[in-house]
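*Asks:* Structure incoming, see below.
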Amino acid sequence: MKYTNKEAAEILESSMKESYLRGLEMIQAFSFGNYKDAESALSFEGEDAGLILGALLGHTRSIFEYASEHMGMSPKEVMRGYGFYFYSNVLTDLEDMFAITKDYMEGSEAFEALMEGKDDDEN
């Protein structure tokens, strides 16, 4: 189907607006909603993924710009500060979470092996 330049521009504008609204919904639901809100916000068609990812990155930049205005810093300084925060807090929390999961899984496997061995002794 062929579109005129005006029609194509209107479709692009509408798609971008929808993507930015969907991105904002995702941020709000993931950050402040319950799991059902996040699940609903995160469901979208595969062909929309690129636009939505672009919108999320656009929101990220806008958030840094907004925060910088209120913190008296440049957006780059805010980003640098967030980078330090991420590496010292978020990343270490993720590593700790998966270390606990790994320990649990290893313990679970050892218990299963023990139980299988016990069953063999009983037969």
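The values are calculated or read from the model by the stated rules, or taken from the named source; none is laboratory data. Computed from a predicted structure; not experimentally measured. FYI the Cβ positions are ideal-geometry reconstructions off the backbone, even for glycines, and counts take in every protein chain you see. Remember, those area values only see protein heavy atoms, side chains included, never the ligands or the DNA or RNA. Shrake-Rupley method; radii C 1.70, N 1.55, O 1.52, S 1.80 Å.
*Asks:* Count, please, the residues in segment 55-85 that happen to be open to solvent by less than 60 Å² (accessible area, probe 1.4 Å) and more than 21 Å from SER15 (Cα to Cα).
*Replies:* 8
*Asks:* Moving on to the next point. Take segment 90-118 and flag every residue that is open to solvent by 60 Å² or more (accessible area, probe 1.4 Å) and among the polar types (S, T, N, Q).
*Replies:* THR101
*Asks:* Checking ILE52 against (1) open to solvent by 60 Å² or more (accessible area, probe 1.4 Å); (2) within 24 Å of GLN28 (Cα to Cα), which test does it fail?
*Replies:* Result: ILE52 passes all but (1).
*Asks:* Now a separate question. Given the condition without any contact (Cβ under 8 Å) to a residue 12 or more places away in the chain, surrounded by 14 or more Cβ atoms within 10 Å (Cβ to Cβ), touching a helix residue (DSSP H, G or I) at 6+ places or on another chain (Cβ under 9 Å) and more than 21 Å from MET79 (Cβ to Cβ), answer yes or no: does some residue in segment 25-37 qualify?
*Replies:* yes
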